[in-house]
Amino acid sequence: MNQQEADKILCDRVALMSLAEKIDLLGGHGMWKTKAVARLGIPEIVMTDGTYGVRYSIEQIDNDAPGGQDLEAFLGVVNRRANEVQAAWGQMRPATCFANGSSLASSWDVALAYELGAALARECQALGVHLLLGPGINLRRTPLAGRSYEYYSEDPVLTGDFAAAVINGLQDGGVGASLKHFACNNSEVERTTMDSIVTERALREVYLLGFERAIRKSKPWTVMSSYNKLNGCQAAENGWLLTTVLREAWGYDGVVISDWHGIKDRPAALLAGNDLDMPESQTRKEQLLTALALGSVSVAAVDAACTRVLGLISRAKAGERRDQPCDFDGHHNLARRMAGESIVLLKNDGVLPLDPARLRRILVVGAGAIEPVIQGSGCATTTPTRVDVPLNEIKALAGPDSVVDYCPGYGDDPAQFDALRAEALGRAVGAAVVIVFAHTAVGYDGEGSDRRDLNLAPGHDLLIGALAAQHANVVVVLANPDAVVMPWLDAVAAVVETFFAGQAMGGAVADILFGKVNPSGKLTVTFPVKLEDIPGYLTYPGENGRHLYSEDVYVGYRYYDRRGVDPLFPFGFGLSYTTFAYSDLHLSAAIVGSGDTLTVSFSVTNVGGRQGKEICQVYLQPTAPRLHRPLRALAGFAKIELAPGETGRVSVVLESRDFMVFDPAYGRWLLDRDQVTVAVGASSRDIRLAATVRCDGEAALYRKLARDTQPVFVLENPLARRAFVGFLQTNVGISAPEAERILEGCRSSFFGIFVTMDRRFRLTFPETAIQELLDQVNAAGQVHPA
């Protein structure tokens, strides 16, 4: 059956539905289901949250509890801490809690991302879930953002490619994905009312690009609109976003679903392109019925949305594989491997990896060693099948000849901080190494609230500093949603960054500490030295309901590079127990034109003594950009595993689109004519190889002209200059050399070209002639859409 035949079947079924049945279908059933239409044999499907694990509420799903209609209960959910999820949702079915987004993306491994999606699909099949509400891919533009732990990166290329792999793994397993939150939901402060004010260029090049890449590479079954306003319009009701961009520009033909209670005006949302209103709300159903009766919403618009929802239901039912086995023990082992691939070694003075044969006594400090912080708080929170205890895993790998001691070091009561710190200092005497498990404050790492600072939890920084002042071999193991400041960094011997690494974090950390796994993770965000260094710091989190994204296209490392600000750790940074050398860069072409591809090839050699994996990053640096642009921007990446002494060849394929800029004046992506440096590096600040390529686009190096454009910009544009010479010959009756001379004399005028010529010739040029000239020049400089 081809797509046209399938669409006709869906349309025919919609034609059989009553208006009430259509409204019910577009309004969900309870908290987590679509509405079945038994009369026509239309089944329900089940959906639930889960960006890194499946969260299944027995009461709300199995018992059809109307949780979404009880506002108090709903708010109780999203405001709960990770360790209170059972109280919020009722009895939960356990599922594997994999490494959270900020952790797993540090692997830079799209194959591993696909494995995550496939594993989530198997667990969804086992639990009877058809649609998993993830992945979430809002950019981590500020490390304070409450839901940063769910998201992948500050960079849209890495974000989009990683998300596409997760989605493909999930949907190849017969379970739908919901790419969220579309768009610019980058803070939890007043998140349902805050208006994100973002320029169109920043939207296209940064905040929407990850969504666009993910959709092009994976075709998610659904896209979820976000809570916030975007440039004055509620995202859930934004026709430019949901129709003009998503459907018309990107060709998306799936279902748009609202975030829970994210629609405020149901008729407006439907007309904007929002198909499925979740969860069930009788009030919003009545709004839509009233609009239909008044004629402000057409039946055709309702039918189009119903057709898409029926298509989703049909696809979801066809994907059912309920007899497929699900190996939860195997998934725990996978979670351990994922966490090990994602952990980032930020500092190592040589103390790591630990050698049990040389360690008579190890001191482990921190409550996180026995009650690990493995995930963030909010709707994504998962009830794990089991949790590795880091202390136990360290003891297992330390072996019988090493004594592993433990003390808490800190607690929840500030009155105990001094005593617990003193105990840790006393116990550290005589230890070969001190391993400190530290984390950020639990509860300020999730849905409903942003973090207030970049510090660790109260007492942790002071504890680490005191231990490092006394002991030479302090190893800090961090658990945090996003970047933190480290006032003690210079004094400690090693720093191991886990972010929130899931239920197998304990085993993965032990694997890294003892060298069973060679660390290969690299940062997907920039770590600032201090809070004030964050891009957009001066306008965060907004005021009077408006949040200006003042850094524009300079998000994350783009800002630090452009401003020359030294970060604590740069984007793409991560250490290994071995060393890699780069060589032999080759570009497949000297010129890149519209529609072309460029293969970037280079060699990587493991020049150290351990087998390891290296994440190679390809950046593009324009030479003389027509519009302001970042110093360099990530365009591609690859991960390679090498034995000691082994050399491998890496190839990264770039598309002409990767070289383009979005020009709001033309309303499209343009490939400017410029020399571009292709830079290959181990991080954004560690460039190892570089070569240049010429971009031969159809875009001129000149701005679009208006009647008030200054003369200098007209004279710099050869097309415009010739046209204006001809215009003066025709309308003033002078020779071409004389017209050239007079135009050159206008170069220094700060008035617009036509005001300048009007004063110069003391003539009033016809309005129609002026507009025809401008149209002629701009048409000659027009480009084909990318």
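The values are calculated or read from the model by the stated rules, or taken from the named source; none is laboratory data. Owing to the predicted nature of the structure, the values given are computational and were not obtained by experimental measurement. Note that we place each Cβ from the backbone using ideal geometry, even for glycine, and neighbour counts take in every protein chain shown. Keep in mind that these areas ignore ligands, DNA and RNA; they rest on the heavy atoms of the full protein, side chains included. Shrake-Rupley method; radii C 1.70, N 1.55, O 1.52, S 1.80 Å.
Summary of values
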item	result
Cα-based convex hull, the stretch 655-786, per residue volume (Å³, whole number)	139
Kirkwood Rh, Cα atoms: Rg over Rh of the stretch 476-536	0.99
28 Å Cα-Cα threshold exceeded, pairs from LYS217/LYS522; LYS229/LYS639; LYS217/LYS530; LYS219/LYS317; LYS8/LYS317	LYS229/LYS639; LYS217/LYS530
Gain upon complete extension [ALA589, VAL429; 0.36 nm per residue less C-alpha separation]	51.5 nm
Nearby lysines by direct alpha-carbon distance to LYS285 (threshold 20 angstrom, same-chain neighbours under 8 apart not counted)	LYS22, LYS33, LYS35, LYS264
At R0 = 35 Å, FRET efficiency that the Cβ-Cβ distance of ALA111 and SER550 yields, to 0.05	0.40
Segment ALA304-ASP355, length gained on full extension (0.36 nm per residue, minus Cα span)	11.9 nm
Separation between Cα centres of the stretch 118-193 and the stretch 716-737, rounded to whole Å	56
Percentage, to the nearest whole number, of Cα pairs in the stretch 96-203 over 23 Å apart	29
Rounded accessible area of VAL732 (nearest 10 Å², 1.4 Å probe)	40
Label point at THR597 placed 7 Å out along Cα→Cβ; residues across the stretch 640-658 whose backbone nitrogen lies under 12 Å	652-656
Per-residue SASA entry for HIS460, accessible area with 1.4 Å probe, Å² rounded to 10	10
Dipole-positive endmost among THR578, GLY134, LEU230 within the chain (Cβ charges, Cα centre)	THR578
Among THR539, VAL618, LEU19 the positive-end extreme of the charge dipole of the chain (Cβ point charges)	VAL618
Relative contact order computed over the chain (Cα-Cα under 8 Å; 6+ residues apart), in percent	13
Mean shadow area of the stretch 270-370 over all directions, Cα convex hull, nm²	14.3
Kirkwood Rh and Cα Rg combined as Rg/Rh, the chain	1.02
Volume per residue of the C-alpha convex hull in the stretch 169-298, rounded to whole Å³	117
Modelled FRET efficiency - R0 51 Å, ALA643 with ARG563, Cβ distances, 0.05 increments	0.80
Estimated FRET transfer efficiency (ARG694, ARG39; beta-carbon r; R0 45 Å; 0.05)	0.10
Furthest towards positive pole of dipole, TYR152, THR34, THR730, structure part the chain, Cβ charges	THR730
Solvent-accessible surface (1.4 angstrom probe) belonging to THR440, in square angstrom, nearest 10	0
For the stretch 421-499, convex hull volume per residue from C-alpha positions, Å³	80
Chain lengthening between CYS326 and THR768 when straightened (0.36 nm per residue, less Cα-Cα)	151.9 nm
Nearest-20 debye value, the chain charge dipole, Cβ charges on Lys, Arg, Asp, Glu	1160
The stretch 88-138 shape via C-alpha gyration tensor axes, a/c threshold 1.5	prolate
Largest-first ordering by accessible area, 1.4 Å probe, given options ARG358, ARG421	ARG358, ARG421
The chain - mean residue ellipticity at 222 nm from DSSP helices (-39,500 (n - 2.57) per run, n ≥ 4, rounded to 500)	-9000 deg cm²/dmol
